[in-house]
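Data block below; observations after.
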Amino acid sequence: MDLPKHRPTPTTSLRDASDSSTGSWDALEWTKIEPIARFVSPANLDFLLDDEQVVAEGHGVVLVNTDDAGVLIVTNFRLIFLSEGTRKVIALGTIPLATIEKFNKTAVKVQSNTNQSDKTPTQRLLQVIGKDMRIIVFGFRPRTKQRRAIYDALLKCTKPTILWDLYAFTSGPSSFKNTSPLVRLLDEYFRLIGKASHRASMNMIESGSFTLSNDLWRISGVNSSYTMCQSYPFALVVPKSISDDEVLQACKFRARCRLPVISWCHPVTGAVLARSSQPLVGLMMNMRSNMDEKLVAALCSNRDGSRRKLYIADARPRKNALANGAMGGGSESSSNYFQSEIIFFGIDNIHAMRESFVRLREFMDTHGRTSSDGMSSFLRHGGSIWGGGNLSSMSASVSTLGDSGWLLHVQNVLAGAAWIAARVAMEKASVLVHCSDGWDRTSQLVSLANLLLDPYYRTFKGFQALVEKDWLAFGHPFSDRVGTPSISGSGNMSFELPRQSSNNIIPSSPMRQPSGTFVSQPPVSSHAHNANNYSPIFLQWADCVSQLLRMYPFAFEFSAAFLVDFLDCMLSSRFGNFFFNSEKERLQCNVFESCGCLWAYLADRRTSEGRTHAHCNPFYDPLKYSGPLLPPAAALAPTIWPQFHLRWACPEEAQSGELEAQCRKIILKNSEMQKAKEVAERKAREYTVAMESLNAELRREKLLNISAMNTAKRITKENTDIKRAIRSIGCKIHISSSGDCIVDIENNPVEARPNLYCSSRQGSSSALINDKKDPIVSVTDDDDDDGNNVIGRICESLCPFRTGDGGCRWPNGGCAQLGSQFVGLKANFDAFDQLSIDDSYFKPK
């Protein structure tokens, strides 16, 4: 969810600047507020979710925290505040109905310095307290009955008469369909016992064929019908040496039949992390169970048959454990459990956590920038500097934070989980963890220890498996602790949200007492549980996870922003994953098919942006922390979780995730540059290939050019040789521009025709003898005639070495017909040199 943005200069000023009223609710000038349009057009309701319907509207309402005026809308899912000017949703004033812890109407009678106090209108306020650390106050115009309309709508929508009227059921699964968590639980069990190659399915669950095992541990279906323990999952991991009958006997010795079962086992050493509820040892601490002792002893088994040490970690203070003995509970005796050691962590119960959370929330609201009384901490007490400008007041506020005890409780939980992880990882010992019922402090310690021991749980997929295993499957009562829907009575599907019977009126800090007189009604609780059972146990665990994320920023795939959105989704009850108190109840109401899935919704949000999404940790390095995280005690000093604790009271200071945001921008730019680099490299490779192809073509052209030049040189030489040969036999050759070849015979040794004209056209030849002129032979070469044939006919007609029978007197001379494809004769001067002149060669006819 988006964080609210502080508005230093509000659009409509609603505070009186008079000194007499500064710092209190009576500063609001209600009569000066002009109501805006009396209705919100359906065309402007694009901010509504699917199947979200408007129930009531209030106009001219003021959000006192930020001095904004606007429209307050109640839907079947949220309380929405729209800004008057922009009609945009203001995050601080918008809260899901299920996230509202309580709300009440308050009237403030302004004290006047005159005697006309009766004419002073009463300021009508609606205070809304959220489970997510915010306290909101809305102001309404007097005598408009709008506050009554909003209040009645809140009563109706936060307490529907039947379960199916809840928004999670009316909206259905939509696009965030849920797969069976039973299948996912079995897949996680298969991974733990080294059978990850097997894939679970509903057919496997229905047939009961999921009971796989390894050398030490096995998956048991003894609780498949939830008859043994209603708050345990349908499948349990137990020692292989313990039969189902022995499991049934051992469960009777533990509170609510929550017997010791395995939550995690080391893949190499075989050490296990187990969980259970307190043993029923009784007031005298002398009750025993042989089956329970046998089951616990089996948790210490080694593959070689030896026994490893066992630590029994009791999350409670020792005095609380002894006090539980009066009610039949208590703690184990190390003398009854072989090679065991009992450790008490001293973590307080749910009531102490609830009170601590309330004090922390009040501290944030009192000293925040957007306090519910409309005063900034900079101006409190009329001073111009924070805290009135004196060191003592600043120290007092810091001590108030310490007095809340929240950070001390967080540190105790972290220390206990780190101690458990160290025993398993370093000593190879097995650890059994329990508190009273084994579903509050036990879930915190076991799941945190799992997170420290197994890097798989520090990924998105592993974190989901961890929450579904150690919180949902093992029966943390979310309905009682958080206020999610519950099943009341004996199988009745009605949804009860009784009014809180507590007389705790919404407190006002002594620093913020208004000058007017309060007339307040008892607050109304908006969750379906006894207010005495409400406790932020799961929220505290998420706070512990954020502390580990701060200490080990490279070890987690997800970011603090993911944890905040995850908590918001859980508190909003938009999805059905965290409904009811146990796996059995969720199956009875068919939640998994009727409601959307929180995990699918969060995964869908990440899909659009990939690794640059705000839920992804940009510093994640799985290779750096591929083993267990074992923080030393000195590192376990927690701090305020700014993204969650400060986001409403101090929105600007809560932006500690800006560093991550800047890092994501750098990663995004780097990714874009990397893509651009890949494109450039691909184009460079294409250009290189093209250049190589052009170079190869150029080389081929150069070779062809060289070959042509060589050929031309050879032809030129041959022509020169032919001319020389022709001249040597007394002939001159002339080639006209028309292509005619003229051969002049200077000396003809034979008494032949004195003048001869030869023409060869289209395969025929003609000769013309002119006695009056010099012997001239004219040879015309048509395009269709072969040059060799023409030259051959010239040779046949003029060659002085021809014999009468067509033979050659100079066979070594190499005539044109045999050697040259160009023109004339090819002279063989070596043959000339060897030629012996014989008069018989030149005898006349």
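Quick notes on this one:
Yes/no per residue for (1) touching a helix residue (DSSP H, G or I) at 6+ places or on another chain (Cβ under 7 Å); (2) outside any loop (DSSP other than H, G, I, E, B); (3) surrounded by fewer than 20 Cβ atoms within 10 Å (Cβ to Cβ):
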position: G139; (1), (2), (3): yes, yes, no
position: Y151; (1), (2), (3): no, yes, no
position: V183; (1), (2), (3): yes, yes, yes
position: F190; (1), (2), (3): no, yes, yes
position: H198; (1), (2), (3): yes, no, yes
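- The residue list G368, G329 contains one member that is open to solvent by less than 40 Å² (accessible area, probe 1.4 Å), more than 43 Å from the chain's Cα centre (by Cα) and in contact (Cβ under 8 Å) with a residue 40 or more places away in the chain, which is G329.
- Test: residue in segment 646-663 that is crowded, with 18+ Cβ neighbours inside 10 Å, assigned to a loop (DSSP other than H, G, I, E, B), within 21 Å of the chain's Cα centre (by Cα) and not assigned by the TED database to the domain that holds G93: no
- Candidates T114, T66, T106: the one that is over 30 Å from F578 (Cα atoms), in a loop (DSSP other than H, G, I, E, B) and modelled with pLDDT of 85 or more is T66.
- D470 being of a type in the set (D, E), open to solvent by 10 Å² or more (accessible area, probe 1.4 Å) and touching a residue at least 12 places away in the same chain (Cβ under 8 Å): no
- Filter result (open to solvent by less than 10 Å² (accessible area, probe 1.4 Å) and part of a strand (DSSP E or B)) within segment 87-100: I95, P96, I100
Quick grid of which residues meet (1) modelled with pLDDT of 80 or more; (2) over 26 Å from Q540 (Cα atoms); (3) open to solvent by less than 30 Å² (accessible area, probe 1.4 Å):
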| site | (1), (2), (3) |
| --- | --- |
| R380 | no, yes, yes |
| L391 | no, yes, no |
| L414 | yes, no, yes |
| A418 | yes, no, yes |
| R423 | yes, no, no |
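- Pick from segment 332-361, criterion touching a strand residue (DSSP E or B) at 6+ places or on another chain (Cβ under 8 Å) and of a type in the set (D, E, K, R), ranking: surrounded by the fewest Cβ atoms within 10 Å (Cβ to Cβ): E341
- Selection within segment 209-254 - closer than 21 Å to D314 by Cβ, open to solvent by 10 Å² or more (accessible area, probe 1.4 Å) and touching a residue at least 40 places away in the same chain (Cβ under 8 Å): S231
- Count of segment 271-323 residues, restricted to those that are acidic (D, E), within 17 Å of A255 (Cβ to Cβ) and surrounded by fewer than 18 Cβ atoms within 10 Å (Cβ to Cβ), is 0.
- Scoring V268 on the criteria (1) modelled with pLDDT of 95 or more; (2) surrounded by fewer than 23 Cβ atoms within 10 Å (Cβ to Cβ) leaves a single failure, condition (1).
- Unique residue being within 28 Å of the chain's Cα centre (by Cα), exposed (fewer than 11 other Cβ atoms within 10 Å of the Cβ) and not small (G, A, S) when the list is E678, E701: E678
- Pairing each residue of segment 664-681 that is in a helix (DSSP H, G or I) with any residue that is among the β-branched types (V, I, T), provided the two are 6+ apart or on different chains, yields C-beta distances under 7 Å for R664/T612; I667/T612; L668/T612.
- Scanning segment 156-181 for residues that are open to solvent by 50 Å² or more (accessible area, probe 1.4 Å), not small (G, A, S) and not in a helix (DSSP H, G or I) yields K159, T161, I162, K177, T179.
- Residues of segment 263-314 satisfying the condition of being in contact with a His (Cβ under 7 Å, 6 or more places away or on another chain) and either assigned to a loop (DSSP other than H, G, I, E, B) or of a type in the set (G, A, S) (or both): S276, S277, Q278
- F138 touching a Cys at 6+ places or on another chain (Cβ under 8 Å) and of a type in the set (A, V, I, L, M, F, W, C): no
- Checking R258, R288, R218 one by one, the residue that is under 16 Å from V433 (Cβ atoms), in the same structural domain as L310 (by the TED database) and among the charged types (D, E, K, R) is R258 and no other.
The values are calculated or read from the model by the stated rules, or taken from the named source; none is laboratory data. None of the values given here were measured: they were computed from a predicted structure. All Cβ positions, even for glycine, are placed from backbone atoms using ideal geometry, and neighbour counts span all protein chains on display. Note: areas computed on protein heavy atoms with side chains; ligands, DNA, RNA excluded. Shrake-Rupley method; radii C 1.70, N 1.55, O 1.52, S 1.80 Å.
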